[in-house]
1. Towards the positive end of the charge dipole of the chain, with charges on Cβ (+1 Lys, Arg; -1 Asp, Glu), say which of Leu63, Asn7, Gln28 has the farthest Cα.
2. Tell me the trypsin sites (Lys or Arg not before Pro) within region 35-81 that lie in a loop according to DSSP and have at most 12 other beta-carbon atoms within 10 Å.
3. So which GluC sites (Glu not before Pro) in the chain are both in a DSSP loop and have at most 13 other Cβ atoms within 10 Å of their Cβ?
Amino acid sequence: MEIIFSNEFKKEFKRIKDKETRFKIIKQVRKLSLLPESGKPLKYKLKNHRSLRIPPFRIIYRLEQDKIIISCFDHRKEVYN
């Protein structure tokens, strides 16, 4: 599956200074390309999106046909707002 990163995700990823956290994100995105439905389905205003855990952070993405669109990455307390 093709993975598309939003501008918001790219901006947030560039701000991460911790190499271990960056590595975890890259690892989860690779896993996501193999198992696109591995994230938890979300509801309410984020319906049709999924959440992938990288404690204490979350990656929010959605599936469209044969594409994975990664919307954002943030701390779990702020990502759902």
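Values quoted throughout were computed directly from the atomic coordinates according to the rules given, and no laboratory measurement underlies them. Please read all numbers here as calculations on a predicted model, not as lab measurements. Every residue, glycine among them, receives a Cβ derived from its backbone with ideal geometry; neighbour counts consider all protein chains shown.
1. Toward the positive end, the furthest listed residue is Gln28.
2. Sparse-neighbourhood loop trypsin sites (Lys or Arg not before Pro): Lys43, Lys47.
3. Glu37
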